[in-house]
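What follows is one structure encoded as structure tokens, with my remarks underneath.
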Amino acid sequence: MQSTIKDSLNLNKARLGVIGGSGLYSIDNLKNIQEISIETPYGKPSDNLRLGSLGGMEVIFLARHGRYHTFTPTEIPYRANIWAMRSLNVRWLLSPSAVGSLQEQIRPLDVVIPNQFIDRTHQRPLTFFNNGAVAHVTMADPFCPVLSRLLAEEGEKEMPQGRQLHRGGTYLAMEGPAFSTRAESELYRQWGCSVIGMTNHTEARLAREAEIAYTSLSMVTDYDCWHEEHGNVSVEMVIGNLKANASIACKIVESVAKKLNNIRPESDSHEALKSSLMTSKDRVPKKTREKINLFTSTYWGNFTEE
């Protein structure tokens, strides 16, 4: 007997979303591709979204920085990207992303499935809930444990010999676009952080509000700038390792799509707003209510302007 959560979500018709980071601007083996242009209440997403079939499942792909890499980490239209994904019935979201390693045992070309964040950004829109509507979602476990475990299990099957997949770890989110100073890198190491990146934290917060299960496939390109025996991080170094990472990322994503298509797992993320909405719907301005209706209609009823 299926649960009421699955019945209300209709997960059997839900889609997998993939937001590709630096170096991953398309997915190998994505078939029957349709380009979808969406205008959201938060502007246009980073690029057209691509709907296709992968591993028997409908998948929505979006290039985070645009397919020609024209958005800095700060300029990425995060809210538009997540809103667009949810509007296309994405309920699981994978984020293959380039990161730097902050620990000796996490080597370039390894993969990390982090389970925690520390946020050092300061110029990002981090919520859909403002302008008269307040929600406080729980972020104690910022990545979906169910999806992360599935990603790790499938990822381990695809890892080439000599490369390791690390389960768990803390992702330090920095503003960018410049790389770290040595002092910053050493500080983050003292904090016990595993990897450093510029994008996933913002997406994770917004995905939780959008009731999408989210996890990160963190692809290590370098040792940041702390490692004495390795050169300082450079664009050339990153690009070289990005190309090596892209093919394995596509294989892992396809493997996850095949698995998801069979099991359609439920996640606490799928009803994250159930106990998080603070403002009475009667007090929310109509303009705000209309913008967030995609997320709140389950709890407040579908908004129609009088």
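Assorted remarks:
- Residue-averaged 222 nm ellipticity for the chain, from DSSP H runs of 4+ at -39500 (n - 2.57), nearest 500: -9500 deg cm²/dmol
- Here the dipole of the range 136-218 is about 220 debye; that uses its Cα centre as origin and unit charges on the Cβ of Lys and Arg (positive) and Asp and Glu (negative).
- The relative contact order of the chain, computed from alpha carbon pairs under 8 Å that lie at least 6 residues apart in sequence, is 24 percent.
- Global form of the range 86-214, assessed from the alpha-carbon gyration tensor, a/c cut-off 1.5: oblate
- R0 of 30 Å, Cβ-Cβ distance Asn12-Glu153: FRET efficiency to nearest 0.05: 0.90
- Debye intensity ratio in log₁₀ form over the Cα atoms of the range 14-300, taken at each q of 0.07, 0.10, 0.13 Å⁻¹: -0.24, -0.49, -0.84
- Pairwise FRET efficiency - Ser26 versus Ala178, Cβ, R0 = 30 Å, nearest 0.05: 0.65
- Cut-off 19 Å, label 7 Å out along Cα→Cβ of Arg163, residues of the range 91-124 by amide N: 94-114
- Applied to the range 250-262, the Karplus parametrisation 6.51 cos²θ - 1.76 cosθ + 1.60 on θ = phi - 60° returns per-residue 3J(HN,Hα) values of 4, 5, 5, 4, 5, 4, 5, 4, 4, 5, 4, 4, 8 Hz, with x for Gly and Pro.
- Top of Arg64, Arg264, Arg79 by mean-square fluctuation, Gaussian network on the chain, Cα under 10 Å: Arg264
- Segment Leu126-Asp282, extension gain: residue separation times 0.36 nm, minus the distance between their alpha carbons: 53.8 nm
- Close Lys pairs in the chain (alpha-carbon distance under 15 Å; sequence gap of 8 or more, or different chains): 12.
- When both bridge partners sit in the chain, DSSP labels roughly 35% of those beta bridges antiparallel.
- Sites Trp191 and His136 - FRET efficiency at Förster radius 30 Å, r taken between beta-carbons, to 0.05: 0.75
- Across the range 64-105, the residues whose backbone nitrogen lies under 18 Å from the label position 7 Å along the beta-carbon direction of Lys274 are 91-92.
- Residues Ser194, Ser297 arranged by fewest to most Cβ contacts within 10 Å: Ser297, Ser194
- Over the range 1-94, Cα pairs under 8 Å with separation of 6+ residues give a relative contact order of 37 percent.
- Counting only alpha carbon atoms, the long axis of helix 200-209 and the longest principal axis of the chain meet at about 20°.
- Choice from Trp83, Trp226, Trp191 showing the highest fluctuation, given a GNM over the chain with Cα pairs closer than 10 Å: Trp191
- Maximal additional length on extending the Glu228-Gln105 stretch stands at 42.8 nm, based on 0.36 nm per residue less the C-alpha distance.
- The spacing between the range 73-144 and the range 9-29, judged by their C-alpha centroids, is 15 Å.
- Karplus-derived 3J(HN,Hα), 6.51/-1.76/1.60, for each residue of the range 49-63, Hz, glycine and proline x: 8, 10, 9, x, 10, 9, x, x, 10, 6, 10, 10, 10, 9, 7
- Phi angles of the range 96-107 translate, via the Karplus equation with coefficients 6.51, -1.76, 1.60 and θ = phi - 60°, into HN-Hα couplings of x, 9, 7, 9, x, 8, 10, 9, 4, 6, 9, 9 Hz per residue; Gly and Pro are given as x.
- Among Thr215, Thr181, Thr199, residue whose mean-square fluctuation peaks in a GNM of the chain (springs only between Cα atoms under 10 Å): Thr181
A short reminder: the numbers here are calculations on the coordinates, not readings from a lab. All values reported here derive from a predicted model rather than from experimental measurement. When we count neighbours, we look across all protein chains shown, and the Cβ atoms used for this are built from the backbone with ideal geometry, even at glycine.
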